[in-house]
1. Please work out the FRET efficiency for the pair Phe72 and Gln110, using the Cβ-Cβ distance as r and a Förster radius of 22 Å; give the result to the nearest 0.05.
2. Between Ile121 and Leu90, what's the calculated FRET efficiency when r is the beta-carbon distance and R0 is 30 Å? Round to 0.05.
3. Would you please give the FRET efficiency between Cys103 and Trp140, computed as 1/(1 + (r/R0)^6) with r the Cβ-Cβ distance and R0 = 25 Å, to the nearest 0.05?
4. Given labels modelled 7 Å from the Cα in the Cβ direction, how far is it in nm from Ser48 to Asp34?
Amino acid sequence: MVKAYSNPEEDEENNQEAEGRPTTVQWALPSNPDDFHTYINHGCTLDSRNYPIYPNGQTIFVKTPNMDIKNFATWVALPPTAPGSVDKLLARKPKCKGAAGRCPGTVSWQACSETGCRFDINQDTGWGLMRHRGTHNHPWPESKKPHELAQEEL
């Protein structure tokens, strides 16, 4: 049975084991946009428009059709979410394309098994929903190049 909670406190209460760690992350398609409201949990890093660049906890972000969010649900390649796809990606030893192709580093993956993030976007209306569950108990990697939004603000 799949349940979706529009209330983060209710979701947290119903999606936690006794020791406080998230159990399997459960999602359902949002059927009524009015049931969801933006909720930013502690530990999130926000941009100047209060969009969670690095989400954490039970964060919910509602994107209304009139919002101009440059990086809402964007990914530069096919997402490596299928079983074994991250291992296949890393086995190719991909090079970092940062610093205009001069970065000597390689791409790495920070495993974070107790978190999940989902984006739902209504293509007709432009309404969108970002839902995040779980806590990242690791530092986020440092960006190697200026963020698109930071460049836009300059």
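1. Details: r = 22 Å, r/R0 = 0.99.
After rounding to 0.05, the efficiency reads 0.50.
2. The formula returns an efficiency of 0.60 here.
3. Between Cys103 and Trp140 the formula returns 0.90.
4. The modelled label-to-label distance comes out at 3.5 nm.
Each reported figure results from applying straightforward, stated rules to the coordinates on display, with no laboratory input. Note that this is a predicted model, so its numbers are computed, not measured. Counting neighbours? That spans all protein chains shown, and the Cβs are built from the backbone with ideal geometry, glycine included.
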